[in-house]
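Peer 1: Before we start, here is the structure in question, set down as structure tokens.
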């Protein structure tokens with residue numbers, strides 16, 4: 001990985017001390033000092049600080065994926081979880097969990113770069129060209145996942161002529177996970193403010209297309225839309241809580257319980273288990289690796305999720321959504337792309353939402369997909385978005 005500063009002129013190298021973020025910074029992402037450099041380029045937006053994500057080597061791709069000895073037997077009942085925390089039969093020969101992390105740390109960063117926005121560094125995926133005539137689509141993920149879920153849809157949308165951007169929310173995926181009290185407290189207001197700053201840094205022109213999916217930070221994407229209707233030309237919603245009676249998944253209920261929440265948030269396979277519990281499918285191991293990686297790397301992502309969940313009033317947010325998008329309050333086109341096998345949010349959720357604003361809300365049901373249709377069946381999601389946008 002390398003740090004790159006885009007401005008003008010040509011590439012140059014600087015001492016590592018000037019490229020590294022201060023040790024007191026809120027950034028908790030691990031850095032390898034040997035991989036830093038600063039570069040100038042005419043081809044990218046002025047003043048953007050990017051650390052390019054490296055791709056897996058051919059040697060890593062050839063590694064045997066067969067699960068080795070796993071001392072944590074509680075994960076072996078799930079086929080996609082068998083390599084969550086795995087050690088070789090002879091640890092002295094092949095290393096430890098730290099080396100396992102090194103082997104998978106470059107996975108899941110397709111189309112991604114690290115973007116400095118204000119005090120924080122976001123990981124943002126980007127496909128297509130900003131000059132695309134079809135327009136820009138911003139994809140926002142839900143908790144406890146990351147923008148990785150949109151990778152296939154983004155690629156197909158770019159091939160069709162759209163410019164696509166998908167950030168990992170602060171506290172999630174590969175973005176910064178600041179400690180609460182140090183410039184970010186994981187509130188709805190702060191998420192909205194930081195998203196505004198990021199869109200400015202990315203030079204996203206309004207109006208643009210917005211796609212939102214999931215709970216918590218996904219819901220914050222919808223409440224942001226309600227506060228910024230003039231910036232959106234059309235909105236697509238994938239399996240998100242939309243009604244005043246929307247259920248709250250057990251994960252988020254557990255996170256709100258003192259002490260038990262602290263234990264729950266440090267479960268390394270929490271994200272993949274949440275995905276699988278809402279889907280008719282089991283994640284393949286290489287996909288599960290990416291969703292669990294942030295939670296394996298450090299305790300920061302779990303505590304960020306814990307803080308965000310405890311700050312959120314899920315029922316109040318659902319009531320805001322239902323009222324805000326009702327007839328008379330929202331006049332932009334909305335498409336609910338709904339995986340009908342969702343175990344958290346039933347098809348009736350989308351149907352009730354549509355009844356509140358039948359003139360502007362349409363539904364596209366996706367058979368064979370669950371809570372994350374963009375992961376379960378991205379081709380069908382792409383077809384729905386292509387026609388709608």
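Peer 1: Only one of (1) in contact with a helix residue (DSSP H, G or I) (Cβ under 7 Å, 6 or more places away or on another chain); (2) farther than 26 Å from residue 345 by Cβ; (3) surrounded by fewer than 17 Cβ atoms within 10 Å (Cβ to Cβ) is not met by residue 184, so which one is it?
Peer 2: So residue 184 meets the others, but not (3).
Peer 1: Here are 359, 342: which of them is in a loop (DSSP other than H, G, I, E, B) and crowded, with 23+ Cβ neighbours inside 10 Å?
Peer 2: On the way: 359 fails: crowded, with 23+ Cβ neighbours inside 10 Å.
So the residue among 359, 342 that is in a loop (DSSP other than H, G, I, E, B) and crowded, with 23+ Cβ neighbours inside 10 Å is 342.
Peer 1: Given the criteria under 16 Å from residue 145 (Cα atoms), assigned by TED's automatic domain parsing to the domain that holds residue 144 and under 23 Å from the mean Cα position of the chain (by Cα), does residue 298 qualify?
Peer 2: Working: under 16 Å from residue 145 (Cα atoms): yes; assigned by TED's automatic domain parsing to the domain that holds residue 144: yes; under 23 Å from the mean Cα position of the chain (by Cα): yes.
Answer is yes for this residue.
Peer 1: Could you run through segment 224-248 and say how many residues are part of a loop (DSSP other than H, G, I, E, B) and either modelled with pLDDT under 95 or surrounded by fewer than 21 Cβ atoms within 10 Å (Cβ to Cβ) (or both)?
Peer 2: Total satisfying the criteria: 6.
Peer 1: Any residue that is outside any loop (DSSP other than H, G, I, E, B) and either in the same structural domain as residue 361 (by TED's automatic domain parsing) or in contact (Cβ under 8 Å) with a residue 60 or more places away in the chain (or both) - is there at least one of those in segment 170-183? Spell out the reasoning first.
Peer 2: Of segment 170-183, the ones outside any loop (DSSP other than H, G, I, E, B) are none.
Checked against the condition, which is being outside any loop (DSSP other than H, G, I, E, B) and either in the same structural domain as residue 361 (by TED's automatic domain parsing) or in contact (Cβ under 8 Å) with a residue 60 or more places away in the chain (or both), segment 170-183 yields no hits at all.
Peer 1: Looking at segment 188-210, can you tell me whether even one residue there is crowded, with 23+ Cβ neighbours inside 10 Å, more than 17 Å from residue 114 (Cβ to Cβ) and touching a strand residue (DSSP E or B) at 6+ places or on another chain (Cβ under 7 Å)?
Peer 2: So far as segment 188-210 goes, yes, one or more of its residues are crowded, with 23+ Cβ neighbours inside 10 Å, more than 17 Å from residue 114 (Cβ to Cβ) and touching a strand residue (DSSP E or B) at 6+ places or on another chain (Cβ under 7 Å).
Peer 1: Identify all residues within segment 123-145 that are part of a loop (DSSP other than H, G, I, E, B) and either farther than 23 Å from residue 288 by Cα or touching a strand residue (DSSP E or B) at 6+ places or on another chain (Cβ under 8 Å) (or both); write none if there are none.
Peer 2: Keep residues of segment 123-145 that are part of a loop (DSSP other than H, G, I, E, B), which gives 128-135, 141-142, 144-145.
Within segment 123-145, 128, 129, 130, 131, 132, 133, 134, 135, 141, 142 meet the criteria.
Peer 1: Taking the residues in segment 293-332 that are more than 29 Å from residue 349 (Cα to Cα) and surrounded by 16 or more Cβ atoms within 10 Å (Cβ to Cβ) as candidates, determine which candidate is modelled with the lowest pLDDT.
Peer 2: Of the residues in segment 293-332, the ones more than 29 Å from residue 349 (Cα to Cα) are 293-301, 303.
Pick out the ones that are also surrounded by 16 or more Cβ atoms within 10 Å (Cβ to Cβ) and you get 293-297, 300-301, 303.
Details: 293: 91, 294: 92, 295: 92, 296: 89, 297: 86, 300: 93, 301: 95, 303: 95.
Selected residue: 297.
Peer 1: Another question about this same structure. What residue, of 335, 317, 293, is more than 21 Å from residue 210 (Cα to Cα), touching a helix residue (DSSP H, G or I) at 6+ places or on another chain (Cβ under 7 Å) and either part of a loop (DSSP other than H, G, I, E, B) or in contact (Cβ under 8 Å) with a residue 24 or more places away in the chain (or both)? Give the steps one after another, and end with the answer.
Peer 2: On the way: 335 fails: more than 21 Å from residue 210 (Cα to Cα); 317 fails: more than 21 Å from residue 210 (Cα to Cα).
Only one candidate qualifies: 293.
Peer 1: For segment 372-385, does any single residue satisfy the condition of being assigned to a loop (DSSP other than H, G, I, E, B) and under 17 Å from residue 239 (Cα atoms)? Walk me through it before giving the result.
Peer 2: Going through segment 372-385, the residues assigned to a loop (DSSP other than H, G, I, E, B) turn out to be 372, 377.
Applying the additional criterion that residues be under 17 Å from residue 239 (Cα atoms) yields 372, 377.
The answer is yes, given that some residue of segment 372-385 is assigned to a loop (DSSP other than H, G, I, E, B) and under 17 Å from residue 239 (Cα atoms).
Residues are listed down the side, and each one gets a yes or a no for (1) free of Cβ contacts under 8 Å to residues at least 40 places away in the same chain; (2) touching a helix residue (DSSP H, G or I) at 6+ places or on another chain (Cβ under 6 Å):
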| position | (1), (2) |
| --- | --- |
| 211 | no, no |
| 217 | no, no |
| 222 | no, yes |
| 228 | yes, no |
| 241 | no, yes |
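The values are calculated or read from the model by the stated rules, or taken from the named source; none is laboratory data. Worth saying up front: this structure is predicted, and the values here are computed from it rather than measured. Methodologically, a virtual Cβ is constructed for each residue, glycine included, from the backbone with ideal geometry; neighbour enumeration extends over all protein chains shown.
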